[in-house]
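Q: So that we are looking at the same thing, I have put the structure below in structure tokens.
The values are calculated or read from the model by the stated rules, or taken from the named source; none is laboratory data. Worth saying up front: this structure is predicted, and the values here are computed from it rather than measured. Neighbour counts are summed over all protein chains in view; Cβ atoms, including those assigned to glycine, are modelled from backbone coordinates with ideal geometry.
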Amino acid sequence: MHILAAPALASAFVLSLGCFTSDLDPTQIGVFACNDDPGGECPDGQSCINGRCEGEDPPTVAVGFPEDEQDIGLGDGAIGSMRTVSMTVTGTLEIVPTGGDHVFGEGHLEISVDGTAPIIVESGAGVVGVDVQVANTVGPHRISVKSIRNDGVPYDHEGSTSNRLFWISDGMTPLVGIKSPWPGEEFPLDATEIEVTAAVTPVFALQAANPLGNPEILTGHIHLYYAQSIEMCIADPVCDMNYLATIVAPDMPMGTSGTQTVTLTSSGAGTFPVSVVLRNINHSLYLHDPDPGVEGDEFPQLDEVGILRR
Amino acid sequence: MIATAVGCVLATANVALAAPPAEPLPNVTDSPAGEPEPPDDSTVRDDDQLQRAMTAFSRGSDNYNRAMYQDALGDFLEAATLYASPDFQYNIGLCYEKLDKPEEAIAAFSTYLKTKKDVPDRANVEDRIRRLQAMVESGQKPSDIDKGTPTDTPPPPPEKKTGRGLVIGGAVLAGVGAALALGGGLGLGLAAKRRSDDLDEVQTGGNPGDLTFGGASDLEDEGKRLELGQIITVAVGGAIVIGGVAMLAIGLARGKKAKAGKSAILTPSLGRTAIGVSLTGRF
């Protein structure tokens, strides 16, 4: 009798009852969760998108027209009326109808103009043309295109959203607009630094401030305010002087954007305005005078976006 | 007297254990008569006759052990007829002694002394003959002497190893090994299987727990460690079981040897992938 058989069979039996049979496959797409915590990284070659490790080529969208800071001019319609702008969207998102199961790379577009209710785009490929309604008003305007998954969850990776600031201008009035932060952007409640980028139309030059200098036509800088109602603030000398920072682009051509980093104070939850105002080089309020022959028709140039603190 | 007889029979029984049945002659190492004569090549008959003699001898030993002295005598006489060994005469003498036939016993013992060369305990056998002659003269029977206190019998053989300790130790060791292999192996194996299932659920079940790749890697590492632990535990436990079974088998074999004189051969084996023992023999 060969008594090796019994222990061998018993060992095989025990080993067969429970053992580790899985093989971790790091190449699987859309399987592993990911986050910013240590150990929450994705395997090499994958990106963290919506909390899952996805492939290297996530879907993208980009506004083609209007171009960045493009001045599309006043339309033929009356000022203040709605006009149609034929915008274009490009990207790699496979645009499909809403309501299906989530398939990475597929989705639909949500296009919003100046914060209005979004337009849903459920078809199209390549360069997608979309007609949107824009108020025919002189000033900065914003288009936001978001790629949304089939299950309604917005893609959250870089390139999944495209924001575009453009102008509707009369060609003479200097305009200022905030390119960053974008309206609705979220920031934490505690003190945090944000980068504010403001653009001006090509007729205005952002120059360094000179408190002793004389105001010059179409030249000046930007004052930056936070959590103030800008129109009321500039009417209040104390508030007006409590700007957070100036934004300049010295020695740069007219119409060049300027960027400034500021620290937002701690605040409660809610929406707070970030505002910019054109100033003369000596910090006085820049007032545009559309008709120098007419007394009292001057008006300031400003822009304001609401950011979310929570 | 009893001790002498038992010692002899046990000693002759040892022959069957120590030598395969085909060996030509019994080797009565513990015989009171001392070292038996080695077989003389000139006296060796053909194998068939020798085999029959050995069979009769073995049968006689068994009968003697069962106190069937008359049958044992017949067997030893048959063996002596088939093969001329002085040792058979000694056992014939023992049987006559048991059967209260001292004259015949004296004759057999005398034949043993005459025919066996270099009897190391010749003095003892001669003393036994003298004692039997005294009994004949006094009208006593050997069985009467048995009831008394033997004073001139050879010392009893050393107590045979029964292997009881090995049996108990082997059983305990085998039990411990089995418990280790089963308990540890199962526990670790099931824990490894849980990790495996968890990882499967991550990879094929939609990852409901939102496990990160780092977490999955940790899960895999943990599962593999548990599996390694399982293998080691089962291997160690199995080795202990084998050791225990080996001890048990040796103990049982010794016990059987001591009890019935049967033969058993325990052969350890060592291979590249396994160790163990092979137990062969007649049970």
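Q: Mind listing whichever residues of segment A:117-139 are loosely packed, with under 14 Cβ neighbours inside 10 Å and part of a loop (DSSP other than H, G, I, E, B)?
A: A:ALA117, A:GLU122, A:SER123, A:ALA125, A:GLY126, A:VAL127
Q: Same structure again: Within segment B:28-41, is even one residue charged (D, E, K, R), farther than 30 Å from B:GLY255 by Cβ, surrounded by 16 or more Cβ atoms within 10 Å (Cβ to Cβ) and modelled with pLDDT under 80?
A: The answer is yes; a qualifying residue exists.
Q: Among the numbered criteria (1) in a strand (DSSP E or B); (2) within 15 Å of A:ARG309 (Cβ to Cβ); (3) of a type in the set (Asp, Glu), which single criterion is violated by A:ASP190?
A: Failed condition: (1).
Q: What residue, of A:GLN260, A:GLN228, is out of contact with any Lys or Arg (no Cβ under 8 Å at 6 or more places or on another chain), outside the structural domain of A:VAL138 (by TED's automatic domain parsing), not acidic (Asp, Glu) and not in a strand (DSSP E or B)?
A: Result: A:GLN228 is the single residue among A:GLN260, A:GLN228 that is out of contact with any Lys or Arg (no Cβ under 8 Å at 6 or more places or on another chain), outside the structural domain of A:VAL138 (by TED's automatic domain parsing), not acidic (Asp, Glu) and not in a strand (DSSP E or B).
Q: Give A:ILE111, A:ILE49 a once-over and let me know the one that is closer than 30 Å to A:PHE166 by Cβ and within 14 Å of chain B (Cβ to nearest Cβ). Don't jump to the end; show me each part of the working.
A: Values: A:ILE111 fails: within 14 Å of chain B (Cβ to nearest Cβ).
When all the criteria are applied, what remains is A:ILE49.
Q: Looking at B:GLY261, B:GLY281, which is the one that is away from every other protein chain (no Cβ under 11 Å), on the phi > 0 side of the Ramachandran plot and modelled with pLDDT under 55?
A: Values: B:GLY281 fails: away from every other protein chain (no Cβ under 11 Å).
Selected residue: B:GLY261, the only one of B:GLY261, B:GLY281 that is away from every other protein chain (no Cβ under 11 Å), on the phi > 0 side of the Ramachandran plot and modelled with pLDDT under 55.
Q: Would you be able to say whether some residue in segment A:53-72 is closer than 18 Å to B:GLN203 by Cβ and in contact with a Pro (Cβ under 9 Å, 6 or more places away or on another chain)?
A: Taking segment A:53-72 first, the residues closer than 18 Å to B:GLN203 by Cβ are A:53-55.
Filter once more, so that each one left must be in contact with a Pro (Cβ under 9 Å, 6 or more places away or on another chain): A:53.
Yes: one or more hits.
Q: Given the options B:ILE92, B:ILE129, B:ILE106, name the one that is under 20 Å from B:ARG59 (Cβ atoms) and modelled with pLDDT of 90 or more.
A: Among B:ILE92, B:ILE129, B:ILE106, only B:ILE92 is under 20 Å from B:ARG59 (Cβ atoms) and modelled with pLDDT of 90 or more.
Q: While we're here: Considering (1) within 30 Å of A:GLN46 (Cα to Cα); (2) part of a helix (DSSP H, G or I); (3) at pLDDT below 90; (4) not acidic (Asp, Glu), say which one B:GLY206 fails and leave the rest.
A: Among (1) within 30 Å of A:GLN46 (Cα to Cα); (2) part of a helix (DSSP H, G or I); (3) at pLDDT below 90; (4) not acidic (Asp, Glu), B:GLY206 violates only (2).
Q: Considering A:TRP167, A:TRP182, which residue is closer than 24 Å to A:ILE307 by Cβ and not assigned by TED's automatic domain parsing to the domain that holds A:HIS288?
A: It is A:TRP167.
Q: What is the one condition in (1) of a type in the set (Ser, Thr, Tyr); (2) within 14 Å of another protein chain (Cβ to nearest Cβ); (3) surrounded by 12 or more Cβ atoms within 10 Å (Cβ to Cβ) that A:SER16 does not satisfy?
A: (3)
Q: For segment B:210-220, state whether one or more residues are outside any helix (DSSP H, G or I), touching a Gly at 6+ places or on another chain (Cβ under 9 Å) and surrounded by fewer than 20 Cβ atoms within 10 Å (Cβ to Cβ).
A: Going through segment B:210-220, the residues outside any helix (DSSP H, G or I) turn out to be B:210-212.
Then keep just the ones that are touching a Gly at 6+ places or on another chain (Cβ under 9 Å); that gives B:210, B:212.
Next cut, surrounded by fewer than 20 Cβ atoms within 10 Å (Cβ to Cβ) only: B:210.
Looking through segment B:210-220, at least one residue is outside any helix (DSSP H, G or I), touching a Gly at 6+ places or on another chain (Cβ under 9 Å) and surrounded by fewer than 20 Cβ atoms within 10 Å (Cβ to Cβ).
Q: Among the residues in segment A:184-199, are any in contact with an Asp or Glu (Cβ under 8 Å, 6 or more places away or on another chain) and within 24 Å of A:VAL248 (Cβ to Cβ)? Spell out how you get there, then give the answer.
A: As a first pass, look at segment A:184-199 and keep what is in contact with an Asp or Glu (Cβ under 8 Å, 6 or more places away or on another chain): A:198-199.
Now narrow it down to the ones that are within 24 Å of A:VAL248 (Cβ to Cβ): A:198-199.
Scanning segment A:184-199 turns up at least one residue that is in contact with an Asp or Glu (Cβ under 8 Å, 6 or more places away or on another chain) and within 24 Å of A:VAL248 (Cβ to Cβ).
Q: Conditions first: (1) within 16 Å of A:PRO300 (Cα to Cα); (2) out of contact with any Asp or Glu (no Cβ under 8 Å at 6 or more places or on another chain). A:CYS233 passes all but one, so which condition is the exception?
A: Tallying (1) within 16 Å of A:PRO300 (Cα to Cα); (2) out of contact with any Asp or Glu (no Cβ under 8 Å at 6 or more places or on another chain), A:CYS233 fails exactly one: (2).
Q: Another question about this same structure. Of everything in segment A:172-187, what is part of a strand (DSSP E or B) and over 8 Å from the mean Cα position of the chain (by Cα)? Give them in sequence order. Break it down into steps so the answer makes sense when it comes.
A: Here is the first cut: in segment A:172-187, the ones part of a strand (DSSP E or B) are A:176-180, A:186-187.
Across segment A:172-187, the qualifying residues are A:VAL176, A:GLY177, A:ILE178, A:GLU186, A:PHE187.
Here is a yes/no grid of residues against (1) of a type in the set (Phe, Trp, Tyr); (2) outside any loop (DSSP other than H, G, I, E, B); (3) in contact with a strand residue (DSSP E or B) (Cβ under 9 Å, 6 or more places away or on another chain); (4) surrounded by 20 or more Cβ atoms within 10 Å (Cβ to Cβ):
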residue	(1), (2), (3), (4)
A:GLU195	no, yes, yes, no
A:VAL203	no, no, no, no
A:ALA209	no, no, yes, no
A:GLY220	no, yes, yes, yes
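Q: Moving to a separate point now. Which members of segment B:221-237 meet the condition of being surrounded by fewer than 17 Cβ atoms within 10 Å (Cβ to Cβ), modelled with pLDDT of 90 or more and at the interface with chain A (Cβ under 8 Å from one of its Cβ atoms)?
A: B:LYS224
Q: Taking the stated definitions as given, is B:GLU137 surrounded by fewer than 15 Cβ atoms within 10 Å (Cβ to Cβ), at negative phi, out of contact with any Leu (no Cβ under 8 Å at 6 or more places or on another chain) and modelled with pLDDT of 85 or more?
A: Yes, satisfied.
Q: Answer with yes or no whether A:THR116 is more than 14 Å from chain B (Cβ to nearest Cβ), under 23 Å from the mean Cα position of the chain (by Cα) and closer than 25 Å to A:LEU175 by Cβ. Write out each step before concluding.
A: Values: more than 14 Å from chain B (Cβ to nearest Cβ): yes; under 23 Å from the mean Cα position of the chain (by Cα): yes; closer than 25 Å to A:LEU175 by Cβ: yes.
Taking the combined requirement at face value, the residue satisfies it.
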